[in-house]
Each structure stands twice: as C-alpha cells, then as structure tokens.
Amino acid sequence: MLKSLTVAACLAGGAAYAGGPQDSLPLKESHLAAVEVRAPRVAQSLMKVDLKMTPVNTAQDLLRKVPGLFIAQHAGGGKAEQIFLRGFDNDHGTDIHITADGMPVNMVSHAHGQGYADLHFLIPETIESIDFGKGAYYASKGDLNTSGYVSFHTADSLQHSLLKLEGGSFNTIRGTGLFNLIHTSGPPAENLYLAADYGYTDGPFDVQQHFNRLNLFAKYNKWLNARNYINFQASTFHSGWNASGQIPGRAVAEGLISRWGSIDPTEGGSTQRTNAAFTWKHLLSETASTETFAYFSHYEFNLFSNFTFYLKDPVFGDEIEQRDNRNLYGFEQRYTRYFGNNSWHSGIGFRMDDIRDLELNHVYQRDTLLNRLSWGYGTQTNLYAYTEFQWRLRHWNIAPGLRYDQLLFACHDRLLSPPDPKNETAARLSPKLNISYSKGSKALWYLKTGLGFHSNDMRVVVQQQGRDIMPMSAGADLGVIWKPVHNLYIQPALWYLYLQQEFVYVGDEAVVEPSGKTRRLGMDLSLRYQPLSWLYLDADVNYAHGRSIDDPKGAGYIPLAPVLTSTGGAAVKLRGGFSANLRYRYMKDRPANEDNSITAHGYFVNDLALAYTWKNMEFTLQAQNLFNVKWNEAQFETETQLRGEEHPVTELHYTPGTPFALKAGVAWKF
C-alpha cells in the first residue's frame, strides 16, 4: 500500500520522474524544521518554504526566487528579462532551460536571440511551486540546460477565489481575478478554475512606456477513477510597450537627454502567446505509472530597437525591427517504476518549432521599411529520449542517467529567389551521474556531474554548414546540505563548468560570431534560518570566475558575466495578520568587454513589502528601491554615433534602474 501511495502522491503533484515537478505534499506550517536533510529533493522543499514566507506577485519575482539567479529588464517592461546565473550572461535564456507546467518557455532560433524566454504569460498568483537545478546534471532536461534549469508549476486546484486590485507610482495599475469554479475532493477529485490578469504602467521614463499586458488562464483536472488522471490547461497573453532603450553616458553628461530620456523615442514592441496542454497519467500497478503529455503554442513577437543610433545610417538612423511568428508542437511519454527504495524514470518525446516568419529589418520610426537584412522561415525539431535510475544503498543514493538528443534543421531564405532550402542534422549523447551520501539527520553530501548542450540558431547552422550545431558543456558540483540545528540550513557548493567552441548568431545584426571555449568555476552559499516561528531569514551568495580559454592573457574576460552576487532578506509574519518582507539584491562590478577596460557598475538595492490580513481581506504596500539608490539595471559596451557627431564613440550604455516607487493593493478571498 505504501508504494501505491508514493506513486499516487507524485502523480498528484505533477510528474513522477527525476528532475520533474516536485510533489505537492504540504510542509507543516511552512517551517524549516519540517524539512528533512535526507528527504528527496530537499532543495525544492526549501523552495516551498521560501514561497510561503516570501511570496511573489510579478513575473520578475518568479525568477528571482531561484537562488543565485539575477535578472535585468531593459526594454520597456515587455521584453524578456536578461538572465544571469553561474557566471553566465544568459542574455534572455541562451544557457538556461525554462519550462512552465512542462511547456518550454525558451524559443529556439528566435528573432532576438537563441533561447529567448519570456515569462510574462504566467500569472504569479497561480504558481504553486518552483523546481530548479544548477548545472546540466538532469536527464529529463535537454536543450539549453547549461547553467541550469527552472520549472514553474501552476496549482491544480484553488481553495478559494480571489480578486486583487493594485495601483501605484508612474500610473501603475493591476487587476487580477482567480475564480474557483469546481473544487471537489472526490472520489473522484475534480477541479476547474479560471484566472485573469491585466496590468498597465507608464514607468519612470520621459517617453511613457504605455506597457499593457493581458493574461487569461484556465485549468481543469480530474481523477477519472483510481488509476487515471487527466489535466487540461489553456492560456492566452498579449502585451505592448514603448521603450527608452540603452542610453549613452555621454548624452546624459552633456545634457542632451536626462537620465530617464532616450535617443530614439520610437523603440518598443508587442508580443502574444497562446498555449494549450493535455496530460494523462495512468497507474499501471502499485509500483509503476505512465504519463502522456502534449502541448501546442502559437507565438508572435515584434520588437523595434536602436542600439547604435546614427552609426550606420546618418540620415534615417539605425532602428531595426525583429519579427517572429511560429507554432510550437510537443509530445512526451514518461514511465516510472519503483523497486522498493529504488526507482527507474524514462521518457521519449519531440519538440518542433514551425517558424513561419523570421525577420530582421532596417526601419524608420517603426513605419517605413528601409531594407531587409534577414528574412526566412523553417523548422527546428528536437527528438529525444532519456533514462535515469536511482539506487539507494544504505546511506548512499546513486543516480546515473543518459540522454539522447537529435536536432533537425530546415531553413529557407526568402531573400533568395527562389528560396534556397538548407537542411542539417546533429545528435548528442549526454551522460549524467549524481551521487549523495547522508548518515544521520545533520548533513547530506552530494556530487553532481554531467554533460549538456545548447542548440545554435538555425541561421548559424546554415552559415556554418552544420559545424558546432550542439556545443557541449561539461560540469560538476560538490556540496553539502547541512542542518546544524533544527531551524537552520546551510548549503555551500563548489562548481566547475566547461563550454565547447560555439558560434553565436547576433540577431541585432544578422551576423555570426565565434565565441570560443570558456571555463568557469565558482562557489555558491545558501542560508535559510528561522529563529522564531514568525521570523524567516535567507541569503544567497554566489561567486564565479569565468574566462575565455583561447584568448591571450588579459583579453579573455567574458563580457557582462557576473562575478559576485547576493540576494536575501528578512520576512516577518505575526499572528495579528501583519507581515513584512525586506529584500536586497547585490551585484558587484563586472567586466563589460573582453579586456576589462570598461566596467559595468554594480549596485545594492532594497525592496520592502508590507501586508495586513483581516478576515478575507488583505491590504498590501510595496516600496521598490526603498532608499532611492541611483543604479543601472542593464549595461552594455556599445559603439554608437549620435546625430551631429563626427566620429563614433565606444562606451558604456545603460538602462537606469527603477527609482523609489510605491504600490498599494487590496485583495479579497471568497
């Protein structure tokens, strides 16, 4: 009976395979003392406590919950965040694998950059758990899983309905509704809820952002009988915005624009995504189960940017348009079997991106097409299979895994007449081995090793004639999860990561650039401490040393790669219904170019959130950048030329970080 309960519990929480969604078993009163060091996936159990004690209410907050992960926003709020993790400037997702309820968030061969990951289609109030892992050590994770992965999971059911209204600085408003339509515990259990979210802000910039976003989401699930469970969900999302872009420091110093100004006020964009997914879980026996998962997404993206101003076109300027229109299809079949304390997890599936339109255009103020720089269509298909065993031998847990991926590319260039089709294929085998040891209840030692990869843009594949389609990564983690007392967790880790030669497609210029081999090593330290039932303290400190291997000494710095970062805070939850959450984030200065002659400036920013709960009502007040620090969120070394300048200038360009801002809200549960 115990085995069948174990399988059923895993199925109810999402998936029963290693590296997949965490189970939905609640932690007693969200206390650290309830988390066991020897429990499977202890790091994810700690994440549950984080979510309970320091909840999120924006898509940006969702990513910030991952220890060691940093983000920056630099294009009007609607563009995907720039992601930093383990010494990687992941751009918008190149080396981090992100999913939501099993559906891929990353877009391969994207108009703006490989692996572009836009999370704005998620409604934060629907997120029940976050699963994450650093490194490429997980057999169920494939393409783009280099620095790590993040998986978001929405709740299967709601305990109540919710209405929320927020408003604040810079004409910011947000309205959210969660409507619990069916909620029965059964047997058989059945649930249906709808969620809607609308937000608008003008932002602090001189050119008002007019950033507006609409999200709709529905989820239905039911246990048909004791052995069969189905889950269906659908969502749609649309946003549009204006952007001030990255501004040159000299323009502010000379008084040409303010710190909140822009050189090209016509930057901005729009994007939309519609998703549908279906899951069928079947208990074959008390010890075995299968899961069938299928999904579809329709995605559109249109972005206007001007990074160099008048460097290339002194008359009309250098504004570009990037356009992406695609359908995404996917399927995965999973199998799980338990053998006493041991288990076997495997899966097979595919993902196909049917890219109908992929454009890079030189335009004038969004309206006039001056020149097509790149224009094509095609498909990128990923066929894959994986298997992983978990053996428990007294105090040891040994988990070897193996993953196979095959990529098929078909690219058509519309600028050629007729379009010249190009086809390439590549394959990679990625072994994994994770080992942990725990004797007693104080500490769990672990060693993680594995190979990973990320695919290259299909335009790179064509231009390079199939070379370096799947650059390989190799890495290892050695760490310990230590619980010296019942309410304190300390997790130090040493890590190493090597990345093979690759080619990078620069979507802003339609050119291919080699990046060479890189080597990174570093240290992570996480602390979670709950000295009192109402007080929760957390901190994450991350150090990374990264260099390009092939470059000469002094010229091998990796631009914008984070060196030292830290996040953390203190959360207070009192019995009278009052709660407070003070958060900080710190990033040290880091190189902005290969020889470190230009530095991207670090920052230390604090946010404060207050809440008071009375009966079914909750009142909130949030302060961003509590101490009104002057900081730069996104920074780049760029060669630009302003109107009237005789020569171009290479210097640091930046998007200023949010100044002090207030937001108040009220929520009603019913």
task = Count charges around GLN635 for me, please; just the other residues with Cβ under 12 Å from its Cβ, Lys/Arg as +1, Asp/Glu as -1.
result = -4
ask   = Within straight cross-link reach of LYS517, meaning Cα distance under 19 Å, which lysines are found once same-chain residues fewer than 8 apart are removed?
value = LYS553
note = The equivalent-ellipsoid semi-axes of region 159-264, taken as the square roots of five times the Cα gyration tensor eigenvalues and listed largest first in whole Å, are 46, 14, 9
query = Across 10 Å bins from the origin, how do the percents of Cα pairs in region 89-153 run, short distances first?
reply = 23, 55, 22, 0
As computed over region 528-670, the Cα convex hull volume per residue (Å³) = 170
key: Theoretical gain in end-to-end length, ASN327 to ILE182 [0.36 nm per residue, Cα-Cα removed]   = 49.1 nm
request  = Please work out the Kirkwood hydrodynamic radius for region 153-212, using every pair of different C-alpha atoms, and report it in angstroms with one decimal place.
outcome  = 13.7
task = Let me see the pair-distance distribution of region 343-391: every alpha carbon pair, 10 Å bin width, integer percents in order.
result = 20, 25, 20, 15, 12, 7, 1
request  = Can you tell me the alpha carbon radius of gyration of the chain divided by the globular rule-of-thumb value 2.2 N^0.38 Å?
outcome  = 0.94
query = What percent do you get for the relative contact order of the chain when only Cα pairs under 8 Å and 6+ apart count?
reply = 12
query = Where does each of LEU256, LEU224, LEU499 land when they are ranked from fewest to most other beta-carbon atoms within 10 angstrom?
reply = LEU224, LEU256, LEU499
Per-q log10 I(q)/I(0), region 376-452, q = 0.19 Å⁻¹ (Debye; single scatterer per alpha-carbon; no solvent) = -0.83
task = Averaged over every viewing direction, what's the projected area of the C-alpha convex hull for region 593-635? Give it in nm², one decimal, please.
result = 4.5
remark   = Note to self: C-alpha centroids of region 608-670 and region 280-305 sit apart, in Å, by 34
query = So what's region 118-200 giving for Rg/Rh, alpha carbon basis, Kirkwood Rh from the mean inverse pair distance?
reply = 1.10
task = Could you work out the per residue convex hull volume over the alpha carbons of region 72-180, in cubic angstrom?
result = 124
note = What helix-only [θ] at 222 nm does the chain give? Using -39500 (n - 2.57) per DSSP H run of at least 4, over all residues, to the nearest 500, the answer is -1500 deg cm²/dmol
request  = Could you tell me the distance between the Cα centroids of region 56-73 and region 416-441, to the nearest Å?
outcome  = 26
query = Under a straight-distance cross-link criterion of Cα-Cα below 16 Å, which aspartates and glutamates are reachable from LYS141, leaving out those fewer than 8 residues away in the same chain?
reply = ASP95, ASP101, ASP131, GLU332, GLU388, ASP405
query = Where does each of ASP354, ASP420 land when they are ranked from fewest to most other beta-carbon atoms within 10 angstrom?
reply = ASP420, ASP354
task = Over the alpha-carbon set of region 249-298, work out the extent along each principal axis and list the three values in angstrom, largest first.
result = 73, 23, 11
key: When region 268-362 is reduced to its Cα atoms, the Kirkwood hydrodynamic radius in Å   = 17.1
Whole-number D in µm² s⁻¹ for region 31-110, Kirkwood Cα-pair radius fed into Stokes-Einstein, 20 °C, 1.002 mPa s = 148
key: Sorted largest first, extent of region 456-499 alpha carbons per principal axis (Å)   = 57, 16, 7
ask   = Given region 208-261, what whole percent of its Cα pairs are spread farther than 15 Å?
value = 70
note = Per residue convex hull volume, Cα only, region 447-602, in Å³ is 159
request  = Calculate the radius of gyration of the Cα atoms of region 426-473 to one decimal place, then report Dmax, the largest Cα-Cα distance, as a whole number, both in Å.
outcome  = 17.9, 56
inquiry  = Under 15 Å between alpha carbons, and skipping anything fewer than 8 positions from LYS630 in its own chain: which aspartates and glutamates qualify?
reply    = ASP589, ASP607
message = If I histogram all Cα-Cα distances within region 207-352 using bins 5 Å wide from 0, what percent of pairs lands in each bin?
response = 2, 8, 12, 12, 12, 9, 8, 8, 7, 7, 6, 5, 3, 2, 0
note = At R0 = 51 Å the Cβ-Cβ FRET efficiency linking SER441 and ASP551, nearest 0.05, sits at 0.60
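Values quoted throughout were computed directly from the atomic coordinates according to the rules given, and no laboratory measurement underlies them. None of these values were measured; they are calculated from a predicted model. Because the Cβ atoms are built from the backbone with ideal geometry, glycine has one as well, and the counts that use them run over all protein chains shown.
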